[in-house]
Amino acid sequence: MTEGNITRALWRFTLPMVAGGILQQLYSLTDAFILGNFIGDTAVASVSAASAVLNISFFAIVGLMTGFSIQLSHMFGAREYDRIKKLITTALTFMGIGAVFASALIMVIKYNIFARMGTPAEIIPGASSYLNFAAPGILFSGMYNLYGGMLRAIGDSKRPLYILAASGLLNVVLNLILVIGFHMGVEGVGIATAASNYLSAI
């Protein structure tokens with residue numbers, strides 16, 4: 001970014017990040033479209049309620065990883081490679097422990113959260129089933145955001161987009177297979193979400 005036309009370099013770096021954000025929204029819309037057309041409105045509402053719970057952890061992870069990325073980019077620019085190793089180890093440890101704790105906490109207090117959110121009783125069973133499969137995926141989502149942040153911190157914003165596209169495609173395919181083919185409903189969407197998060201981390 002320090003060489004050539006700065007405006008062009010910024011666009012090349014930023015556009016993949018914008019595209020990634022759009023892709024993530026499209027995945028949510030795809031889940032809602034498949035559930036709404038093949039299962040019903042209750043299933044869509046169940047996943048929406050469960051996603052609201054998961055997003056609390058997700059946004060916390062994204063915020064933490066943004067701070068990590070800033071530190072990493074400074075160290076990379078200064079060629080402080082020994083400090084980078086310590087920073088990555090610290091971030092992995094902190095994120096891993098935090099993600100496992102968040103997943104466990106969600107599973108323990110999910111019904112209390114639904115009650116405080118005023119979630120209608122008829123959608124709570126579906127939302128709970130979705131969380132049973134999707135909550136463990138917080139760890140893998142955190143790993144993707146950590147590794148993606150590392151790549152962006154050293155100037156590579158394209159590879160995280162490619163990985164996100166691949167995991168999103170898997171999510172759509174599994175949704176179609178599990179929801180339409182095997183009639184697994186909300187549970188199928190939860191499995192598809194967890195599997196796509198796992199792929200993105202790998």
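Structural remarks
- Long-range neighbours under 6 Å by Cβ, at least six apart or interchain, first residue at positive phi and in a helix (DSSP H, G or I) within region 177-188, second open to solvent by less than 60 Å² (accessible area, probe 1.4 Å) and aliphatic (A, V, I, L, M): 185/43
Table: residues versus (1) open to solvent by 40 Å² or more (accessible area, probe 1.4 Å); (2) on the phi > 0 side of the Ramachandran plot; (3) of a type in the set (Val, Ile, Thr).
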residue: 49; (1), (2), (3): no, no, no
residue: 65; (1), (2), (3): no, no, no
residue: 69; (1), (2), (3): no, no, no
residue: 75; (1), (2), (3): no, no, no
residue: 78; (1), (2), (3): yes, no, no
residue: 86; (1), (2), (3): yes, no, no
residue: 100; (1), (2), (3): yes, no, yes
residue: 103; (1), (2), (3): no, no, no
residue: 106; (1), (2), (3): no, no, yes
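- Of the residues making up region 16-47, those that are within 21 Å of residue 166 (Cα to Cα), of a type outside the set (A, V, I, L, M) and open to solvent by less than 20 Å² (accessible area, probe 1.4 Å) are 16, 20, 31.
- Residue 111 being surrounded by fewer than 14 Cβ atoms within 10 Å (Cβ to Cβ), under 17 Å from residue 50 (Cβ atoms) and among the aromatic types (Phe, Trp, Tyr): yes
- Yes/no for residue 115 being out of contact with any Pro (no Cβ under 6 Å at 6 or more places or on another chain), small (Gly, Ala, Ser) and touching a residue at least 24 places away in the same chain (Cβ under 8 Å): no
- Unmet criterion (only one of (1) exposed (fewer than 14 other Cβ atoms within 10 Å of the Cβ); (2) of a type in the set (Phe, Trp, Tyr); (3) over 21 Å from residue 25 (Cβ atoms)) for residue 162: (3)
- Residue within region 9-22 that is under 30 Å from residue 185 (Cα atoms), without any contact (Cβ under 8 Å) to a residue 40 or more places away in the chain and in a helix (DSSP H, G or I) present: yes
The values are calculated or read from the model by the stated rules, or taken from the named source; none is laboratory data. Being a predicted model, the structure only gives us computed values, none of them experimental. In this analysis, Cβ positions are derived from the backbone assuming ideal geometry, glycine residues included, and neighbour counts consider all displayed protein chains. Accessible surface is based on the protein model in full, side chains and every heavy atom, while ligands, DNA and RNA are left aside. Shrake-Rupley method; radii C 1.70, N 1.55, O 1.52, S 1.80 Å.
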